[in-house]
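The values are calculated or read from the model by the stated rules, or taken from the named source; none is laboratory data. If you're wondering where the values come from, they're calculated on a predicted model, not measured in any experiment. Please note: Cβ atoms are built from the backbone with ideal geometry, for glycine as well, and neighbour counts cover all protein chains shown. Accessible surface areas use protein heavy atoms only, side chains included; no ligands, DNA or RNA. Shrake-Rupley method; radii C 1.70, N 1.55, O 1.52, S 1.80 Å.
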Amino acid sequence: MEKMVFNPGPTALPDEVLSKAKAGLGKETYEGLSLLELSHRSTEYQAIHDNAKQALRRFLNIPATHEVLLLQGGASLQFTMAPMNLLRTFTCGYHIVTGSWSKKAYSESKKIGTTHMLTSSEDAKFSYIPKATDWHSTQLDPDGYVHITSNNTIYGTQWQNFEQLPSLPLVVDMSSDIGTRPIPWEKVALAYAGAQKNLGASGVTAVFIRKDLLSRDSSDLPAMLDYKTHAEKGSLFNTPPTFNIYVLGLMVDWMIEQGGMDEFQKRSEQKSQLLYELIDDSDGFYTGHAKSSSRSQMNVTFQLPDEQLNKRFLESAKQSGFVGLSGHRSIGGCRASLYNGITLEACEKLVEFLASFRRTHTK
Ligand SMILES: Cc1ncc(COP(=O)(O)O)c(C=O)c1O
């Protein structure tokens, strides 16, 4: 049976990317060596490494003002590394807490330096993205930065744009929506994203940092936790995750070939719209967790009328080949994650399945 993957990450990769990844593992491409056997200091690997960084620059339209780093430790390590490095230049970090991941980023940052919670949407189970009126009475230090999570993977909410945010430099966890809409680089001091959702496989984290932030003295920082170390060595200070970087390059090249960012923005809108329309037209059989104005195009979270039906839905979906539709344990229900490797056809099949499940389970 054909499986359709809607995992929250790691997630589906296009067949073209998977078959090139497989070819890299064989002995044919690199004169008798598998990619897994190549030295990270070889010219062959250097070409793979450089390609991945250049492809990211092209696909995400990254200006010369920002450095591209390929690191390990997941987005979770960035919760520590970002304040450790940035709170030398900036006086404090203002965090807007919109879900479990941004809550983690906030609590890790507090361990490092001056960190404030600007506002949080936890009062309503993180079902909405706050508005400027929620923090307009707070006097902000002009030397601080603002940290946000652009898309909340667990709750299915997303910043619709960054326009209402305070006019301080932004630090953005883009783990679950990178590569699905243009990034306003002029506002971004630092952005980071694990690759396993929209950029390839797990094991590598893309970090984008404004170059001027690398110029201050950081000699007292542990070398591996210092962005400057990685920038100076072109992300080859230590052995990088060579295969994961290869897959990232393949995935980003594939997205460029498919039409680039504009195309994936359009596809994300189409895919999520299909599901939200079905939810909205279901007479309350399916109810979304996120407030309509805060809905995510990446993670569609919804519930059925009761726990028993939820369970039956998930079991039946699994039997029909739909993988990864369980909601996160902290909110339950269901979640369909629609990253860039997921096709419109798979979403159409999912929507058909939802419609048919509703027909057979309404009296
Ligand atoms: C928005 C967001 N931030 C951070 C993380 C943690 O990422 P990692 O597992 O790469 O550390 C995740 C994981 O799903 C996420 O969705």
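Observations, loosely collected:
- Euclidean distance between Cα centres, segment 229-248 to segment 2-27, Å: 21
- Exceeding the 23 Å Cα-Cα cut-off - candidates LYS110/LYS197; LYS266/LYS349; LYS291/LYS349; LYS111/LYS228; LYS53/LYS103; LYS311/LYS349: LYS110/LYS197; LYS291/LYS349; LYS53/LYS103
- Shape category assigned to the chain from the gyration tensor of Cα positions, a/c cut at 1.5: oblate
- Trypsin sites (Lys or Arg not before Pro) lying in DSSP loop within segment 252-340, provided at most 10 other Cβ fall within 10 Å: ARG329
- Per-residue ³J(HN,Hα) for segment 323-340, Karplus 6.51 cos²θ - 1.76 cosθ + 1.60, θ = phi - 60°, Hz, x for Gly and Pro: 10, x, 8, 5, x, 4, 4, 6, 10, x, x, 10, 8, 10, 9, 10, 5, 5
- Cα gyration tensor, segment 259-360 - rounded (a/c under 1.5), prolate or oblate: prolate
- Annotation: amide H-H contacts under 5 Å for SER120 (H modelled 1.01 Å from N, sequence separation of 5 or more, or interchain): VAL97.
- Candidate residues ASP143, ASP220: accessible-area rank, largest first, probe 1.4 Å: ASP220, ASP143
- Ligands, DNA and RNA are left out, and with a 1.4 angstrom probe the accessible area of segment 259-360 is 46 Å² per residue.
- Percent antiparallel among DSSP beta bridges (both partners in the chain, rounded to 5): 55
- In the context of the full protein assembly, LYS104 retains an accessible surface of approximately 100 Å², using a probe radius of 1.4 Å and ignoring ligands and nucleic acids.
- The chain, accessible surface, carbon-and-sulfur percent (1.4 angstrom probe): 50
- Neighbour count of at most 11 Cβ within 10 Å plus DSSP loop: longest GluC sites (Glu not before Pro)-free window in the chain: 164-363
- Solvent exposure of segment 15-257 as accessible area per residue, Å², 1.4 Å probe: 41
- Calculated mean residue ellipticity at 222 nm for the chain: -11500 deg cm²/dmol, from DSSP H runs with n ≥ 4 weighted as -39500 (n - 2.57), summed, divided by the residue count and rounded to 500.
- Taking all protein chains together, ARG216, ARG88 sort by accessible area into ARG88, ARG216, largest first [probe 1.4 Å].
- Span from the segment 166-201 Cα centroid across to the segment 84-129 one, whole angstrom: 16
- For ASP123, solvent-accessible area (1.4 Å; no DNA, RNA or ligand), Å²: 120
- DSSP beta bridge pairing in segment 39-159, given as percent antiparallel to the nearest 5: 20
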